[in-house]
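The values are calculated or read from the model by the stated rules, or taken from the named source; none is laboratory data. Note that the structure is a prediction, hence the values are computed from the model and not measured. Cβ coordinates were reconstructed from backbone atoms using ideal geometry, including for glycine residues, and neighbour counts include every protein chain displayed. Remember, those area values only see protein heavy atoms, side chains included, never the ligands or the DNA or RNA. Shrake-Rupley method; radii C 1.70, N 1.55, O 1.52, S 1.80 Å.
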Amino acid sequence: MKLLSTLVLAAALAVSAFAQKSYTIKFAHVVAPATPKGKAADFFAKRLEEITNGQIKVQVFPSAQLYDDDRVFMAMKMDNVQMAAPSFSKFTPLAPAFQLFDLPFIFRDTAHLHKVLDGEVGEAIKQKIEDKGFVALDYWDAGFKQFSSSKKPLIVPDDAKGQKFRIMSSKVLEEQTKAVGGNPQVLPFSEVYSALQQGVVDAAENPLSNFYNSKFHEVQSSLTISDHGYLGYLVVVSDKFWKSLPDDLKAKVKQAMKEATQFEREESAKDEAILLAKLEEYAKSTGKLQITKLTPAQKAEWQKVMSTIYPKFYDVIGKDLIEKTMNTK
């Protein structure tokens, strides 16, 4: 009887051990821990360990400690990293539809943006990544882009004529700039400050985090709150790792990610408000920066001119995705 009890207990422990197989996620990203994305990655790690009772542990590697966003895709293919949150621009070579997010003034406001990301269009774009061997989880905010200039404040589209705009490498951004008579100049981000300082370029577009933290306000005399374009991140998981998870744990990963996404978006909004207040204080105390927030009528004028480029990208992005984005209520 004692032997039977021992065998039953051993079998039960073996089953329990098998059922409680543990997993580790290495989550690599390129920003500092104190940023909204960095905080959200840490939030996700803590929350997932909580709801899985430690069955999934998440190790977060910030500030490109393991890989930068250009190398992380290969690392995920090899399962050296299980999770990452690259910026949208890094996905464009894999899925040209990501150029949707570069289209100027396609998002009316933050509420519209999130409805698009969390709705049919967002799911369709996620699928294009999954077709490449990655599992797409959720979209995180980096912020709307704002115009700046050292030559002339950008209030109406005509103000852009003749100005040299630094842009990221993007056909959409080239066409956007040409549509208002500007001269697009592709430059790596690391060279933007000196290029603005030396007058190599006159104007730029950046989210407030880049504009403030890179001290562009020191070399630009005007900032226009235009919210004309959007920068974001997509959190993706290694397909190999995802397939190794049982369905109940996949559901918990999605739950923790949903909570982390809400947290990240709230942190991003708070961060933007703080940065704008700092820039307004700088403008007031130094008199060296003019800040203008476009009125709805002024935004409509920019949108009217810049939206003429949309048809040029119907074949690349998909006419249906562009129209569904515009029609999302």
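On the basis of being at pLDDT 95 or above, closer than 30 Å to Leu187 by Cα and open to solvent by 50 Å² or more (accessible area, probe 1.4 Å), does Ala251 make the cut?
Against the criterion (at pLDDT 95 or above, closer than 30 Å to Leu187 by Cα and open to solvent by 50 Å² or more (accessible area, probe 1.4 Å)), Ala251 does not qualify.
In the range 151-195, which residue that is open to solvent by 20 Å² or more (accessible area, probe 1.4 Å) and β-branched (Val, Ile, Thr) is modelled with the lowest pLDDT?
Applying the filter and picking the extreme gives Val186.
Does the range 28-55 hold any residues that are polar (S, T, N, Q) and farther than 19 Å from Gly143 by Cα, and which are they?
Of everything in the range 28-55, those that are polar (S, T, N, Q) and farther than 19 Å from Gly143 by Cα turn out to be Thr52, Asn53, Gln55.
Six or more apart or on different chains, Cβ under 6 Å: which pairs go from a residue in the range 87-98 that's touching a residue at least 24 places away in the same chain (Cβ under 8 Å) to one that's part of a helix (DSSP H, G or I) and open to solvent by 50 Å² or more (accessible area, probe 1.4 Å)? Could you list them?
Here the result reads Ala95/Lys128; Pro96/Val316; Ala97/Lys128, each pair linking the range 87-98 to a residue that is part of a helix (DSSP H, G or I) and open to solvent by 50 Å² or more (accessible area, probe 1.4 Å).
Which one of these is touching a strand residue (DSSP E or B) at 6+ places or on another chain (Cβ under 9 Å) and within 30 Å of Gln262 (Cα to Cα): Leu113, Leu154?
Criteria check complete, one pass: Leu113.
Do we find that Lys57 is touching a Pro at 6+ places or on another chain (Cβ under 8 Å) and not in a loop (DSSP other than H, G, I, E, B) in this structure? Walk me through how you get there before you give the answer.
Working: touching a Pro at 6+ places or on another chain (Cβ under 8 Å): no; not in a loop (DSSP other than H, G, I, E, B): yes.
So Lys57 fails the test.
Restricting to the range 281-329, and then to whatever is assigned to a helix (DSSP H, G or I) and among the β-branched types (Val, Ile, Thr), can you tell me which residue is surrounded by the fewest Cβ atoms within 10 Å (Cβ to Cβ)?
Across the range 281-329, the extreme among qualifying residues is Thr286.
When you go through (1) exposed (fewer than 13 other Cβ atoms within 10 Å of the Cβ); (2) modelled with pLDDT of 95 or more one by one for Ala32, which number turns out not to apply?
Ala32 satisfies all of (1) exposed (fewer than 13 other Cβ atoms within 10 Å of the Cβ); (2) modelled with pLDDT of 95 or more except (2).
Within the range 17-64, count every residue that is basic (Lys, Arg) and in contact with a helix residue (DSSP H, G or I) (Cβ under 7 Å, 6 or more places away or on another chain).
Residues flagged as basic (Lys, Arg) and in contact with a helix residue (DSSP H, G or I) (Cβ under 7 Å, 6 or more places away or on another chain) within the range 17-64 amount to 4.
Take the residues in the range 196-216 that are open to solvent by less than 10 Å² (accessible area, probe 1.4 Å) and over 20 Å from the mean Cα position of the chain (by Cα); name whichever of them is nearest to Lys270 (Cα to Cα).
This residue is Phe216.
Out of everything in the range 227-242 that is touching a helix residue (DSSP H, G or I) at 6+ places or on another chain (Cβ under 7 Å) and not hydrophobic (A, V, I, L, M, F, W, C), what residue ends up being most open to solvent (accessible area, probe 1.4 Å)?
Tyr233
When residues of the range 51-76 are filtered for being among the charged types (D, E, K, R), closer than 21 Å to Trp242 by Cβ, out of contact with any Asp or Glu (no Cβ under 8 Å at 6 or more places or on another chain) and touching a residue at least 12 places away in the same chain (Cβ under 8 Å), how many remain?
Adding up the residues that qualify gives 1.
Test of understanding: among Asp109, Asp70, Asp118, Asp102, which residue is in contact with a Lys or Arg (Cβ under 8 Å, 6 or more places away or on another chain) and charged (D, E, K, R)?
Asp70
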